[in-house]
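Structure record follows, encoded as structure tokens.
The values are calculated or read from the model by the stated rules, or taken from the named source; none is laboratory data. Being a predicted model, the structure only gives us computed values, none of them experimental. Every residue, glycine as well, gets a Cβ built from its backbone with ideal geometry; the counts of neighbours run over all protein chains shown. The protein model used for the area step is the full one, side chains on, heavy atoms only, and it has no ligands, DNA or RNA in it. Shrake-Rupley method; radii C 1.70, N 1.55, O 1.52, S 1.80 Å.
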Amino acid sequence: MRTTPRPARTTPRLLTATAAALALLLSGCSGDSGDGDGKITLRFQSLAWQKESVEANKALVEEWNATHPDIEVEYVQGSWDSVHDQLLTSFEGGEAPDIIHDASDDLADFAYGGYLADIGDLLPGRLKSDIPERSWQTSTFGGKVYGVPFLQEPRVLIANATWLKKSGVRIPTPDKPWSWAEFRSVTKELGDGTDGKYGVAWPLKEPVSATLNLSLSTGGRIFHRGADGKVDVCFEAADEVVPRTVNEQVNDDGSASDSTLGMGGSDTLPGFFGGKYAMVPLGFSYRQQIVQQAPEGFDWQVLPAPAGKEGLAQGVSPQTLSVAEDSPHKKAAVAFIDFFLRPENMVELARGDWMLPTGTQALKDPALRTEQDDWAAGTALAEHLRPAPAQSVRGYPEWKDKVATPALQEYYSGAIDLGELRKRLVKDGNRVLARYQR
């Protein structure tokens, strides 16, 4: 499952009809006063980090600047590792970039804090209609739109194809996925650890988003918003299925290695390549690392995550582009975002990050529907992606870090039982959320 080198991006295209329309749009942006010479300068902080993704981002900025001499965009490199604290500092210091790349689950506190602009009325109809409503929900709070969701990543099972074929287990497809019960049974059959081989490796150094997002398939919600708008944590039967499955694979069946629970996804790849694990649940973008690092002849494939009563539904927190409330050039910033996220550009950004675009036109592109590198396997899941349960919950970062992460880590390792997990998530969790909802 090798990939051929991707051709380099062509030089900036000539001003197209779409770009001309943007120019007309901006001609009416009287509120976007420029600098002393009338020129507008926008700072765009990108979190792209993979070589192909950085190149695609910079190429689009160069293309914009070549066709919009009165509006210059400056590319600023940010980092996913520190973006929340860095943005908070820049907001409070009045130094925030005009255009902000982030993830939708990081937006709520910034939106409610007044740091991000409501861009709903500034978005062109083309962009509004191209992105499905379910994706817009990830960046909409209190009826206001605080970001444009543009890249998303389903969680999938990356499997050792040779191992699965030899075992004779049923291979799941998006049309006929495994149930969570069947998934547990299959992993036991593939390997129970007695010979050092395991049916699955769960890399759960960051267990919260994986648990919550996969639990949408079983009807799990965990966060419940009342008529008064306040959110409570409830851990009900539907919320138990995914964490209980993982716990039983590790502590009862021996089909999941306990040594991977503290790992990140990349940490599991050497063992996966070495034939220690039959499958690893990972984000779709990990395919790039597998293509680059897998030994010659290693045969792998992408399988859908298990399904529950809600089918293949799972939560995602798309990457987003927002505009700072303090930016004096909001209309120009949105015009750049509209250009940046034209369908053909969204395809390039998706390929650069090995993720899926949110745009319906981009998703139709043949480049994202090939069998090579299992792009088609991921694209087939796009319609099942839903807003992550925590999207609009104020105080979620603290709940995740101080309550949910340690509780889930202890539960998965077998240190506490399901009752204690429920107590911590609910009792301690609601105490945290209450401080944000006074």
query = Once the stretch 108-163 is represented by equal point scatterers at the alpha-carbon sites, with solvent omitted, what log10 I(q)/I(0) does the Debye formula produce at q = 0.13, 0.18, 0.28 Å⁻¹?
reply = -0.44, -0.66, -1.19
query = Can you give the percent of C-alpha pairs in the chain whose distance is more than 29 Å?
reply = 48
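Leaving ligands, DNA and RNA out of it, report the carbon-plus-sulfur percent of the accessible area of the chain at a 1.4 Å probe.
Reported share for carbon and sulfur atoms: 49 percent.
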ask   = Say the dipole of the chain comes from +1 at the beta carbon of Lys and Arg and -1 at that of Asp and Glu; which of GLY94, ALA66, GLY114 then lies farthest toward its positive end?
value = GLY114
query = So if we plug the beta-carbon distance of GLU206 and GLU182 into 1/(1 + (r/R0)^6) with R0 = 25 Å, what FRET efficiency do we get, rounded to 0.05?
reply = 0.45
task = May I ask you to order 119-130, 268-279, 59-70 by the average number of other C-beta atoms within 10 Å around their residues, highest value first?
result = 268-279, 59-70, 119-130
task = Return the long-range amide H neighbours of THR358 (sequence gap of 5 or more, or a different chain), with a cut-off of under 5 Å between placed amide H atoms.
result = LEU151, GLN152
request  = Among the listed pairs LYS58/LYS364; LYS276/LYS400; LYS188/LYS309; LYS205/LYS427; LYS128/LYS364; LYS205/LYS276, give every one whose C-alpha distance is greater than 28 Å.
outcome  = LYS276/LYS400
query = Which of the peptides 79-92, 181-194 is most tightly packed, and how do the rest follow, judged by the mean count of other Cβ atoms within 10 Å per residue?
reply = 181-194, 79-92
query = Quick one: putting +1 on the C-beta of Lys and Arg, -1 on the C-beta of Asp and Glu, what dipole do you get for the stretch 118-172 around its Cα centre, in Debye to the nearest 20?
reply = 500
Positive-end residue, the stretch 328-371 charge dipole about Cα centroid, Cβ charges, pick of TRP354, PRO328, PRO343 = PRO328
remark   = In nm, the gap between the two label points placed 7 Å beyond Cα toward Cβ at LYS58 and GLN292 is 1.6
task = Please build a GNM for the chain, connecting alpha carbons under 10 Å apart, and tell me which residue among ILE222, ILE416, ILE100 fluctuates the most.
result = ILE416
query = When the helix-only estimate is applied to the chain (DSSP H runs of n ≥ 4, each -39,500 (n - 2.57), divided by the residue count), what is the mean residue ellipticity at 222 nm, nearest 500 deg cm²/dmol?
reply = -10000 deg cm²/dmol
ask   = Using Cα pairs under 8 angstrom and six or more residues apart, how large is the relative contact order of the chain, in percent?
value = 25
Solvent-accessible heavy-atom area per residue, rounded to whole Å², over the chain at 1.4 Å = 42
